[in-house]
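Shown next, in structure tokens, is the structure this report addresses.
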Amino acid sequence: MSTVTLAKKRRPPGLAAKQRKQALRTLAFMSPWLIGFAVFFAYPLISTVYFSFMHYDGFKPPTWVGTKNWTYVFKNYPYFWPAMRNTLWLVVVMVSLRVVFGLGVGLLITKIKTATGVFRTLFYLPYLAPPVAATMAFAFLLNPGTGPVNSLLEKVGIPAPGWFNDPTWSKPALTLLALWGIGDLMVIFMAALLDVPQEQYEAAELDGASAWQRFRYVTLPNISPIVMFAVVTGVIQTMQYYTQPLIAGKVASGVIQGAGTQFEPGYPEKSTLTLPQLVYNLGFQRFDYGSACVVALVLFALSMVFTAFLMRRRGGLNLAGD
Amino acid sequence: MAQVLDKPVELRAPVTPAERTARRKALMEWIAVHSLGVAAALFFTLPFVFVFLTSLMSDSQALSRDLIPHTWEWGNYRKVFDTPGFLTWWKNTLIYAGLGTVLTVVSSIPVAYALAKFRFRGRNLSLMLVISMMMLPPQVVIIPMYLFWAKQLDLSGTLWPLIIPMAFGDAFSIFLLRQFLMTIPNEYLDAAKVDGCGEFKTLVRVVLPMAKPGIAAVALFQFFYAWNDYFGPQIYASENPGAWTLSYGLESFKGAHHTDWNLTMAATVLVMAPVILVFFFAQKAFVEGVTLTGVKG
């Protein structure tokens, strides 16, 4: 205690004023985000919790219904568990395939010595294709009747699947689309692979290590933080997976927009349902804002669990500061 | 090939058997790697090629299994442009993406600068909240946000509910810029302060010129985000076709031209092309942005 008072006494005049000025300066620089945080994050999040206990259709004033929305979503809403199962499928299959493929393409691009720039650009381009356009393109390429992919498959004599029109093949088709847009992971892995110290490879080669052993004992340990990063961000992206499954389902089902028709999401047979689509379905098709908020909170909880995991890891997001 | 074998010329003459096998091994590896590369390149480019070829087919041929157009119907693109609304979607997309990008960059820079270079209590907490916001699916807060914009401010049927929030900093842009600004050595800032610059002047005169690549990356990402956004326009603009964007309109175009794959693919090409053109002009900034958010640490 005494040292503190001592320190206070010794403070040169004007320091408090300077500190206040610095605090004001920080506040001024941070202000756009502080307002944004309050208005577009904190307030709506609290509001979402509030509405999850309300019955509200947007017209009559909201009424308190306790946990009725929650039991409805978990017990009676026919889309909730299919969407959860689909999300799990996508996390297990799509995310891991994307990481493996991204690493593979990253490795390949570091080995290519001729026309590297051309290859890199070609590999990267699909990632840039706007999701609606890319999904539309794949719905065409994979359409069972006249699509080029099935035409080629049948020419070779491989039985052609129904892709977006078949509930067992719709998620694999989405996975194919996700693998096509691997550019982001490719660039991240490429940078990581080029950072692996060359001496370690040389040492391993002197010890007579095979190509696989060099990959297993030199490459993988060096890039494992990046693999982890790719897995966790992949999971978080899966929680947000919305446009591609929705458009794929819409195009494949052939529902014509407008004219009072409403698209029941998840075509075919709920196989492309994801959690964000449920928020839209409940809130903007069924006007059950309360239950939509329940799904939104489930989505929030899942995203935050993985985000916390990401932030706890050293190196992953460079939180250490200076 | 020379790069792979990479051996001085004079060593080439007396070829020992060991050297020959080594050279053959290198050659085999070169062939294996590059055939894999070509196979991968086909996987990544053929979808574009098929889409483009189909966009040039006649109506009847687009419904057949042919891969190459018999007649090259460039008029398909004209037909797409003549579709009522198509030009409006372009205009709206450019407004949303352009205005949104400018607002995002201007509002995110000071925040990113404070998070990167100021020392204050709650800085790490703020950064964690920024990352949380960045990872949050937009659907989580959409119900209250929609009620706010539509019921309280009566702005549904416009793109303003999507543009206005961008004036208050975007989490991803703040994070990316902060990562970039961390790489600028403090000595530059200290030197500017010794010369009598205040924080604001330091930011504008010293930091911004050095941060140009980071700002370019943020601007590109934000532009692409707005260009690609489907959920936002679906929520706020769906009731008013005059406010649709390309990404949203494209889907309804497919609905209206249900069996015309050729026209749908032409429209698809027209939505993809600008993004790819922008990428070719700004490739470096873009790739830098991807690595910055992911790998540095």
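The values are calculated or read from the model by the stated rules, or taken from the named source; none is laboratory data. Model, not experiment: these values are computed from the prediction. Cβ sites come from the backbone with ideal geometry, for glycine too, and all protein chains shown count toward neighbours.
Listed values, structure above:
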| read-out | value |
| --- | --- |
| For B:Glu239: the one exception among (1) part of a helix (DSSP H, G or I); (2) under 21 Å from B:Trp90 (Cβ atoms) | (1) |
| A:Tyr77 being away from chain B (no Cβ under 12 Å) and in contact with a Ser or Thr (Cβ under 9 Å, 6 or more places away or on another chain) | yes |
| Some residue of the stretch A:150-159 being farther than 23 Å from B:Phe279 by Cβ, more than 8 Å from every other protein chain (Cβ to nearest Cβ) and crowded, with 21+ Cβ neighbours inside 10 Å | yes |
| Residue that is farthest from A:Trp180 (Cα to Cα) [pool: residues in the stretch B:30-77 that are in contact (Cβ under 8 Å) with a residue 40 or more places away in the chain and of a type in the set (Val, Ile, Thr)] | B:Thr54 |
| Tabulated pairs, the stretch A:223-246, first not assigned by TED's automatic domain parsing to the domain that holds A:Met94, second assigned to a helix (DSSP H, G or I) and modelled with pLDDT under 95, C-beta under 9 angstrom, 6+ apart or interchain | none |
| Tally, over the stretch A:118-133, of residues that are facing chain B (nearest Cβ under 8 Å) and part of a helix (DSSP H, G or I) | 11 |
| Subset tally (residues that are among the β-branched types (Val, Ile, Thr) and surrounded by 14 or more Cβ atoms within 10 Å (Cβ to Cβ)) for the stretch B:179-205 | 2 |
| Some residue of the stretch A:124-144 being in contact with a Lys or Arg (Cβ under 7 Å, 6 or more places away or on another chain) and crowded, with 19+ Cβ neighbours inside 10 Å | yes |
| Qualifying residue in the stretch B:131-139 (condition: touching a helix residue (DSSP H, G or I) at 6+ places or on another chain (Cβ under 7 Å) and either more than 8 Å from every other protein chain (Cβ to nearest Cβ) or among the small types (Gly, Ala, Ser) (or both)) | yes |
| Candidate set from the stretch A:50-85 (those that are closer than 25 Å to B:Ala150 by Cα and hydrophobic (A, V, I, L, M, F, W, C)); member that is surrounded by the most Cβ atoms within 10 Å (Cβ to Cβ) | A:Phe51 |
| Residues located in the stretch A:108-121, provided they are within 24 Å of the chain's Cα centre (by Cα) and buried (at least 19 other Cβ atoms within 10 Å of the Cβ) | A:Arg120 |
| Those residues of the stretch A:202-221 which are farther than 18 Å from A:Phe101 by Cβ and crowded, with 16+ Cβ neighbours inside 10 Å, in sequence order | A:Ala204, A:Ala209, A:Arg214, A:Val218 |
| All helices (runs of 4 or more DSSP H) inside the stretch A:198-288 with 3 or more residues being at the interface with chain B (Cβ under 10 Å from one of its Cβ atoms) and under 23 Å from the mean Cα position of the chain (by Cα) | A:220-239, A:243-253, A:275-280 |
| Selection count where residues are hydroxyl-bearing (Ser, Thr, Tyr), more than 16 Å from A:Leu176 (Cβ to Cβ) and out of contact with any helix residue (DSSP H, G or I) (no Cβ under 6 Å at 6 or more places or on another chain), scope the stretch A:93-122 | 3 |
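This table checks each residue for (1) in a helix (DSSP H, G or I); (2) among the polar types (S, T, N, Q); (3) in contact (Cβ under 8 Å) with a residue 24 or more places away in the chain.
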residue	(1), (2), (3)
B:Pro144	yes, no, no
B:Lys151	yes, no, no
B:Ser156	no, yes, yes
B:Pro165	yes, no, no
B:Ile174	yes, no, yes
